[in-house]
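Below you'll find the structure, written out as structure tokens, and then a few comments.
The values are calculated or read from the model by the stated rules, or taken from the named source; none is laboratory data. Nothing here was measured: the structure is a model prediction, and the numbers come from that model. Every residue, glycine as well, gets a Cβ built from its backbone with ideal geometry; the counts of neighbours run over all protein chains shown. What goes into the accessible areas is simple: the full protein's heavy atoms, side chains included, and nothing from ligands, DNA or RNA. Shrake-Rupley method; radii C 1.70, N 1.55, O 1.52, S 1.80 Å.
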Amino acid sequence: MAMDHSAMASSMDGTKMVGGAPMLPSRNIVENAVNSKDHTTLVAAVKAAGLVETLQGPGPFTVFAPTNAAFDQLPAGTVPTLLKPENKPMLTKVLTYHVVPGRLDAAALMRQVQAGGGKAMLKTVSGDTLTVTLQGNGVVVTDAKGGMAHVTIADVYQSNGVIHVVDKVLLPG
């Protein structure tokens, strides 16, 4: 799986760095995400949607985690609108569309893609489907609207799952 190694560093024990912070495998998804300076929008959205407790639960979960830059690509005003209390159901649906039950690391995703003849269809926590394919040496996740997110940092292991950092926000149909 091709990565942008400038965005990723590993310590001697294999702990990955995301957003300038070590992502400790002993911590859960939320405990790690709050330390990444590249994921402050995602963390704010998870809090606004009331999903902190869920993502601190036993899981396991596979999370495709959009960076702040990914959220910045959405049309102007989208994020502030989604963070309003009256839009909590819509925000929850968008966020749970980035979460797949189970611990699907890059090797597991690639096995599913190969078994699926070049693509894997993943059922998300929101009940919708994401399509995973390989493009060159990288993993691409396609949403219901045809939007494509590239995995920029894979296999960030957590106590309750795995995170793959992505460069776009995925949108359900």
Bridge type composition, the chain - antiparallel percent by DSSP, nearest 5: 80
Residue with peak Gaussian network fluctuation, the chain [Cα springs, cutoff 10 Å], from 136, 102, 19: 136
Charged-residue dipole, Cβ positions (Lys, Arg, Asp, Glu), the chain about Cα centre, Debye nearest 20: 300
Mean residue ellipticity (222 nm) of the chain, computed from DSSP H runs ≥ 4 via -39,500 (n - 2.57), nearest 500: -7000 deg cm²/dmol
Protein-only accessible surface order, largest first, of 63, 79 at 1.4 Å: 79, 63
Two-site FRET efficiency, residue 123 against residue 88, from Cβ-Cβ distance with R₀ of 25 Å, rounded to 0.05: 0.65
Nearest-0.05 FRET efficiency for residue 44 and residue 159, computed from C-beta distance (R0 25 Å): 0.65
Partners for residue 168 among aspartates and glutamates (Cα-Cα distance below 18 Å; same-chain residues under 8 apart left out): 4, 38, 72, 128, 143, 155
Computed FRET value (nearest 0.05) for residue 26 with residue 72, which takes r as the C-beta separation and R₀ as 25 Å: 0.20
Peptides 161-168, 85-92, 109-116, 55-62 ordered by average Cβ neighbours within 10 Å, highest first: 161-168, 55-62, 109-116, 85-92
Two-site label geometry, residue 17 and residue 110: point separation in nm, points 7 Å out along Cα→Cβ: 2.5
157, 97, ranked by accessible area, largest first (probe 1.4 Å): 157, 97
Order of exposure, largest accessible area first, which applies to 159, 126 with probe 1.4 Å: 159, 126
Three-way shape label, the stretch 105-157, alpha-carbon gyration tensor, a/c 1.5: rounded
